[in-house]
Amino acid sequence: MDSTVTTTTEEKVWGGGNRPLNASYGKLMMWFFLVSDALTFSGFLASYGFSRFKFIETWPIADQVFTHVPFFHGNYPMYYVAFMTFILIMSSVTMVLAVDAGHRMQKTKVIWYMFLTIIGGAIFVGSQAWEWATFIKGDYGAIETKGGRILQFVKADTGERAALADFAKTIPSERTELDRKDGVWFMSEGYMPSYTVNEVKEGLLANPNILIRTETINEDGEKVVLNREESLKKIRDASQVVEGANLIHNEYGSRLFADFFFFITGFHGFHVFSGVVINIIIFFNVILGTYERRGHYEMVEKVGLYWHFVDLVWVFVFTFFYLV
Amino acid sequence: MAHAHKLEIFRGLLKFKSNTQKIWGVLVFLTIVTAVEVALGIIKPHSLTHSHFLGMKLLNWIFITLTLVKAYYIAWDFMHLRDEKSALRRAIVWTPIFLVLYLVFILLFEADYIYNVFKDGFVKWNF
């Protein structure tokens with residue numbers, strides 16, 4: 001059916017102008033780029049796998065990290081990411097419909113489908129920004145030990161997570177956030193945790209309902225919760241209070257998890273963003289009639305390939321970050 | 001440019017009348033697969049999380065397989081690989097697959113070794 005070489009006459013073989021793969025130069029170059037980009041993403045995901053297998057017993061559980069849905073309170077793991085995945089697949093569909101309409105030279109249809117694709121991409125990038133903001137802000141707060149491990153807190157009676165604000169004592173102290181007006185002009189600190197280690201310690205001692213949850217995962221795939229005595233012993237190792245996540249501290253557990261989250265979803269988000277920008281450029285070209293005059297809509301097909309690739313990568317990121 | 005579209009999916013089990021119809025058909029299929037993934041991820045059936053294959057939970061193998069299925073349909077139908085020449089298709093698909101399998105094998109093996117060093121060696125890190 002598909003033969004490799006498509007020379008019609010033998011004289012033409014060395015005369016140039018052959019298309020053995022039956023694809024134009026631009027399309028082939030787009031494919032080359034996509035293959036190399038795929039290898040870049042594979043490198044990231046493989047190194048994520050490396051770090052995860054290294055700390056397989058203490059890695060954070062994604063269900064307990066990404067639990068929020070905008071405009072709703074409560075614990076809804078996964079639903080929002082599933083929605084984001086669906087949005088991206090949907091925008092892939094409108095893109096492929098635009099390519100299809102381009103083949104038929106239906107300009108108005110191409111315009112509308114491109115428009116919908118851009119909207120889908122914008123919703124996705126916005127959702128990712130929200131996801132980042134939620135992740136950085138954190139929700140319950142935790143304690144970091146001297147060894148750099150994270151201790152989280154749960155309520156003994158219900159098993160629910162306990163926020164630091166639920167039990168920490170307020171101990172009046174002199175320590176306040178250093179503001180620029182209080183010191184020399186170059187001295188200020190960006191952020192000070194809402195509670196000191198001492199306040200959390202005293203709160204834990206005073207409140208028998210609070211237990212410590214460690215990073216270790218047991219055979220049932222759940223984080224190990226210490227009993228009251230072990231909790232009181234463990235809290236002695238506390239070195240600082242962590243709220244939210246950044247590249248150095250991460251209240252959800254292993255800091256590598258946060259690093260890879262920022263790096264991989266950030267790199268992917270940057271791809272989506274540049275995809276939206278390229279789509280917008282092509283969108284205006286279509287409106288101006290550039291491709292109508294050129295006689296074909298292959299440019300739409302090429303950006304389409306890039307857009308589908310972004311979707312393809314997300315399918316893998318979704319699996320390895322949120323599901324597995 | 002491939003103007004002639006192949007309109008069959010599932011090895012000819014399902015044949016669509018037009019390319020547009022095929023696109024919607026693939027969307028429905030991808031949505032179903034994603035819904036199954038999310039449902040499994042929320043329910044986490046006990047039988048799947050407690051049985052292992054090659055050192056990984058059965059549930060995770062299911063997730064990875066479904067992901068590859070989704071990737072196949074995105075590449076084949078959205079990126080038109082189904083309509084390209086087989087030589088182009090093979091060059092695009094097998095190059096990353098080969099390299100990724102190689103890389104993943106090496107890295108995961110090494111990571112497992114380091115895990116064992118942390119666990120059984122004289123290194124205390126979890127304190």
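Pairs, please: C-beta under 6 Å, at least 6 apart or cross-chain, first residue closer than 17 Å to A:Phe309 by Cβ and more than 9 Å from chain A (Cβ to nearest Cβ) and in the stretch B:86-99, second surrounded by fewer than 15 Cβ atoms within 10 Å (Cβ to Cβ) and at pLDDT 95 or above?
Cβ pairs passing all conditions: none.
Got a sec? Which of B:Thr95, B:Thr67 is crowded, with 19+ Cβ neighbours inside 10 Å and of a type in the set (S, T, N, Q)?
Values: B:Thr95 fails: crowded, with 19+ Cβ neighbours inside 10 Å.
So the residue among B:Thr95, B:Thr67 that is crowded, with 19+ Cβ neighbours inside 10 Å and of a type in the set (S, T, N, Q) is B:Thr67.
Quick check on this structure: which one of A:Phe284, A:Phe270 is under 29 Å from A:Asp63 (Cα atoms) and free of Cβ contacts under 8 Å to residues at least 12 places away in the same chain?
Details: A:Phe284 fails: under 29 Å from A:Asp63 (Cα atoms).
The conditions single out A:Phe270.
Give the residue, chosen from A:Asn227, A:Asn218, that is free of Cβ contacts under 8 Å to residues at least 40 places away in the same chain, over 19 Å from A:Ser51 (Cβ atoms) and within 14 Å of chain B (Cβ to nearest Cβ).
Numbers: A:Asn227 fails: within 14 Å of chain B (Cβ to nearest Cβ).
Selected residue: A:Asn218, the only one of A:Asn227, A:Asn218 that is free of Cβ contacts under 8 Å to residues at least 40 places away in the same chain, over 19 Å from A:Ser51 (Cβ atoms) and within 14 Å of chain B (Cβ to nearest Cβ).
Counting just the residues of the stretch A:62-93 that are of a type in the set (S, T, N, Q) and buried (at least 20 other Cβ atoms within 10 Å of the Cβ), which one comes out modelled with the lowest pLDDT? So that I can check it myself, show each step before the final result.
Keep residues of the stretch A:62-93 that are of a type in the set (S, T, N, Q), which gives A:64, A:67, A:75, A:85, A:91-92.
Remaining after also requiring buried (at least 20 other Cβ atoms within 10 Å of the Cβ): A:85, A:91-92.
Details: A:Thr85: 92, A:Ser91: 95, A:Ser92: 95.
Among those residues, the one meeting the criterion is A:Thr85.
Being under 29 Å from A:Ser47 (Cα atoms) and over 20 Å from the mean Cα position of the chain (by Cα) is true for just one of A:Val242, A:Val313. Which residue is that? I'd like the intermediate steps shown before the answer.
Working: A:Val313 fails: over 20 Å from the mean Cα position of the chain (by Cα).
That would be A:Val242, the only listed residue that is under 29 Å from A:Ser47 (Cα atoms) and over 20 Å from the mean Cα position of the chain (by Cα).
Filter the stretch A:70-79 down to residues that are free of Cβ contacts under 8 Å to residues at least 12 places away in the same chain and not in a helix (DSSP H, G or I) and give me whichever is nearest to the other protein chains (Cβ to nearest Cβ). Even if it seems obvious, please write down each step before you answer.
We begin by selecting, within the stretch A:70-79, every residue free of Cβ contacts under 8 Å to residues at least 12 places away in the same chain; these are A:71-76, A:79.
Those still in the list that are not in a helix (DSSP H, G or I) too: A:71-76.
Details: A:Phe71: 20, A:Phe72: 16, A:His73: 18, A:Gly74: 14, A:Asn75: 11, A:Tyr76: 10 Å.
Applying the filter and picking the extreme gives A:Tyr76.
If we scan the stretch B:33-45, do we find a residue that is within 18 Å of A:Phe309 (Cα to Cα), at the interface with another protein chain (Cβ under 7 Å from one of its Cβ atoms) and surrounded by 12 or more Cβ atoms within 10 Å (Cβ to Cβ)?
Pass one, the stretch B:33-45, residues within 18 Å of A:Phe309 (Cα to Cα): B:34.
Cutting the leftovers down to at the interface with another protein chain (Cβ under 7 Å from one of its Cβ atoms) gives us B:34.
From the residues that got through so far, the ones that are surrounded by 12 or more Cβ atoms within 10 Å (Cβ to Cβ) too are B:34.
Yes, the stretch B:33-45 contains at least one residue that is within 18 Å of A:Phe309 (Cα to Cα), at the interface with another protein chain (Cβ under 7 Å from one of its Cβ atoms) and surrounded by 12 or more Cβ atoms within 10 Å (Cβ to Cβ).
Got a number for residues in the stretch A:199-239 being under 27 Å from the mean Cα position of the chain (by Cα) and more than 16 Å from A:Ile61 (Cβ to Cβ)?
Of all residues in the stretch A:199-239, those under 27 Å from the mean Cα position of the chain (by Cα) come to A:213-218, A:220-224.
From the residues that got through so far, the ones that are more than 16 Å from A:Ile61 (Cβ to Cβ) too are none.
Selection size over the stretch A:199-239: 0.
For (1) surrounded by 18 or more Cβ atoms within 10 Å (Cβ to Cβ); (2) without any contact (Cβ under 8 Å) to a residue 60 or more places away in the chain; (3) more than 22 Å from B:Ile23 (Cβ to Cβ); (4) more than 10 Å from every other protein chain (Cβ to nearest Cβ), each residue gets a yes or a no:
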| residue | (1), (2), (3), (4) |
| --- | --- |
| B:Met56 | no, yes, yes, no |
| B:Asn60 | no, yes, yes, no |
| B:Ile74 | yes, yes, no, no |
| B:Leu81 | yes, yes, no, no |
| B:Ala111 | yes, yes, yes, no |
| B:Tyr115 | no, yes, yes, no |
| B:Lys119 | no, yes, yes, no |
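Checking the structure you have, find out if any residue of the stretch A:80-87 is within 7 Å of another protein chain (Cβ to nearest Cβ), touching a His at 6+ places or on another chain (Cβ under 7 Å) and of a type in the set (Ser, Thr, Tyr). Can you show your working first?
Step one: of the stretch A:80-87, the residues within 7 Å of another protein chain (Cβ to nearest Cβ) are A:82, A:85-86.
Applying the additional criterion that residues be touching a His at 6+ places or on another chain (Cβ under 7 Å) yields none.
No, the conditions are met nowhere in the stretch A:80-87.
The values are calculated or read from the model by the stated rules, or taken from the named source; none is laboratory data. Quick caveat, the model's predicted, so the values are computed rather than measured. When we count neighbours, we look across all protein chains shown, and the Cβ atoms used for this are built from the backbone with ideal geometry, even at glycine.
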